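Report on the structure given below.
The values are calculated or read from the model by the stated rules, or taken from the named source; none is laboratory data. Quantities reported herein were computed from a predicted structural model and do not represent experimental measurements. Here the Cβ positions follow ideal geometry from the backbone for every residue, glycine too, while neighbour counts run over all protein chains shown.
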Amino acid sequence: MSVDKATVTKIASLARIAMSDAEVEAMVPELNNILGWVEQLGEVDVTGVEPMATVVPNALRLREDEVNADPKTGGGVRDKVLANAPAPEHGFFGVPKVIE
Amino acid sequence: MTEHTEMGVAQIRDGVANGDFTAVEVAEAFNAAVAAASDLNAFIVTTPDSALDAARNVDARRAKGQDIGKMGGVPIGMKDLFATDGTPTTAASHILEGFVPPYESTVSAKLWDAGAGMLGKLNLDQFAMGSSNETSAFGNVVNPWRAKGSDAPLAPGGSSGGSSAAVAARLCPAATGTDTGGSIRQPAAFTGITGIKPTYGRCSRWGVVAFASSLDQPGPMARDTRDCAIMLEAMAGFDPKDSTSLDAPVPEWEAGLNPDLSGKRVGIPREYRMDGMDADVAKSWDDGIAWLKDAGATIVDISLPHTKYALPAYYIIAPAEASSNLARYDGVRYGLRDLPDGAGLQDMYAATRAAGFGKEVKRRIMIGTYVLSAGFYDAYYTQAQKVRQLIADDFAKAWESCDVILAPTCPSAAFPLGDKVSDPLSMYLNDVFAVPASLAGLPAMSVPAGLNRDGLPLGLQIIGKGFDEQGVLNAGLAIEQRAGFTAKPDTWWKA
């Protein structure tokens, strides 16, 4: 499989990365080079092999169902959460207007 | 007395504990070394006051007769991928410029609790994506080593290139690294130092800027095996805030160090001996085999048949996870926001990410987005995850006949900066020996083995069974004692 300009433009849009025509053009052979190389995986016989989900046997844990079960990840830190936001407003993250 | 900056972790910790010198003296010496080495560009931010404050605390504790901790009085460098409370954290990307974490990563917090101090935040490949430290938005790190008769700047390896350069140049006795597909071991090999990636899950990923979460693993980089064992003890341990953290006690790796390998079997994977292998790399591998035999081990030939597929599988899995992890950089919650006039939300996302991410990061997000997109997911991502299982199975089978595996860390010594930037594939191939252990989540370390024909360091890699960091460290120590690696780079960067 190989990608063309239209596909790269679509991927860039899915990835939310603005790209000029020239950048898209330059990215086409770069991606094709890499994709062509990873395609050798197709020759591996994987009959009956399950895709690997985790490298160490480890059951996922659930935390206690209560606010501030761990104060470091719990609530009550709105100001800290917003401290690095480029445009916080009234205790919320500010974004450009979405609905006319 | 030895100059403070010539000392390693154990020597500093013991010297401070014994009262031979103070932690403040040590911090001052390393702060001065850092300040005089700006030509290496190893640090993004220096924090001399932080190092001094920690040292004063340790000296005060000692004066009161209190325990000074496993890393008491040892100033270290912190890879700028670890969130540090109140100190900017960038992942070497413009998209995180101005980000000051209001929290501390688990690993760095553990190090400070153990008595370590912070000299500064170390440069790296942007979002840890790279093998030469040339993708940083803050400029290349320069390897302190130079080839004989040349002053061409060499790559310090990557992604932990600031860490490797700083330890090799004696700007810090040890530094944190992170390893996703070789990012601790390859830079350690390129700079003649020691670094270990522990079993996946040993060190918490909480507060480490995420690249590929199923692979990312913090680890120590230092001058020798003992120092790595000490620092790994301080970094490791269960963390309820990381869902993949290992809920297991931390072994006493330093106390358990034993270079006698009698009864141990060392596997030599035949697939790693590739056609056209660099003669000096091949020789250092043979040296390593002889040294481990001398330490009492039996050498066995093993096969890891899917080795050649590890790198292509990695370059599907890691970008796939990265494209998902890096979706959080959207110009809304932290970091850069680029809002063109009259732009809506979607345009703001796209403009912010275009302005904030570097070229290699964009390339990997694009690959990841493509292999996860509708219609291609099974052909690429699912296939890669199946091949990943086969690679892990190869290792499981190998452990039936050996206890550790010995291989080169990299196919070559450090290469000149600029040599591979225009060819991503040739850059990726640098990690050909490092990636298989990452995909299988196994502990693996690099120890210096000697110098090549150009006077540049080469590393040997030891891969161990899951949870057997001790076996890896012991084999590393056996090599270290026989390699007698004492070479140091000339200090050309000191003005």
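For the range A:25-41, a residue qualifies if it is of a type outside the set (Asp, Glu) and facing chain B (nearest Cβ under 8 Å), and the qualifying residues are A:27, A:31, A:33, A:34, A:35, A:37, A:38, A:40, A:41. When the range B:254-289 is examined, which residues are found to be out of contact with any Ser or Thr (no Cβ under 8 Å at 6 or more places or on another chain), loosely packed, with under 15 Cβ neighbours inside 10 Å and charged (D, E, K, R)? Matches in the range B:254-289: B:260, B:273, B:275, B:286.
Each residue in the range B:448-479 was checked for being more than 20 Å from residue B:154 (Cβ to Cβ) and hydrophobic (A, V, I, L, M, F, W, C), and 9 pass.
The rows are residues; the columns are (1) outside any helix (DSSP H, G or I); (2) within 14 Å of chain A (Cβ to nearest Cβ); (3) over 14 Å from the mean Cα position of the chain (by Cα).
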| site | (1), (2), (3) |
| --- | --- |
| B:176 | yes, no, no |
| B:189 | no, no, no |
| B:203 | yes, yes, no |
| B:213 | yes, yes, yes |
| B:220 | yes, no, no |
| B:240 | yes, yes, yes |
| B:247 | yes, yes, yes |
| B:290 | no, no, yes |
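If you check B:276, B:267, B:296 for being over 27 Å from residue A:55 (Cβ atoms) and modelled with pLDDT of 95 or more, only one passes: B:296. Of all residues in the range B:326-341, those that are under 11 Å from residue B:353 (Cβ atoms) have Cβ atoms under 6 Å from Cβ atoms of residues that are assigned to a loop (DSSP other than H, G, I, E, B) and of a type in the set (Lys, Arg), 6 or more apart or on another chain, in B:331/B:337.
Evaluating residue B:333 against the criteria (1) part of a loop (DSSP other than H, G, I, E, B); (2) touching a helix residue (DSSP H, G or I) at 6+ places or on another chain (Cβ under 7 Å); (3) more than 11 Å from residue B:95 (Cβ to Cβ) leaves one unmet condition, (2). When residue A:47 is tested against (1) over 30 Å from residue B:392 (Cα atoms); (2) more than 7 Å from chain B (Cβ to nearest Cβ); (3) at pLDDT 95 or above, just one condition goes unmet, and that condition is (1).
Go through (1) hydrophobic (A, V, I, L, M, F, W, C); (2) surrounded by fewer than 24 Cβ atoms within 10 Å (Cβ to Cβ); (3) under 17 Å from the mean Cα position of the chain (by Cα) one by one and return the number of the condition residue B:137 breaks. Every condition holds for residue B:137 apart from (3). Restricted to the range B:341-460, the set of helices (runs of 4 or more DSSP H) holding at least 1 residues that are in contact with a Lys or Arg (Cβ under 7 Å, 6 or more places away or on another chain) comprises B:345-356, B:424-428, B:435-440.
Among the criteria (1) of a type in the set (Ser, Thr, Tyr); (2) surrounded by 23 or more Cβ atoms within 10 Å (Cβ to Cβ); (3) more than 24 Å from the chain's Cα centre (by Cα), the one residue B:315 does not fulfil is (3). A Cβ distance below 9 Å, combined with a sequence gap of six or more or placement on separate chains, defines the contacts here; from the range A:58-70, residues that are within 9 Å of another protein chain (Cβ to nearest Cβ) reach residues that are in a loop (DSSP other than H, G, I, E, B) and loosely packed, with under 10 Cβ neighbours inside 10 Å in the pairs A:70/A:64.
Taking the criterion of being surrounded by fewer than 17 Cβ atoms within 10 Å (Cβ to Cβ), within 14 Å of residue B:441 (Cβ to Cβ) and more than 9 Å from chain A (Cβ to nearest Cβ), the only residue of the range B:370-409 that qualifies is B:396.
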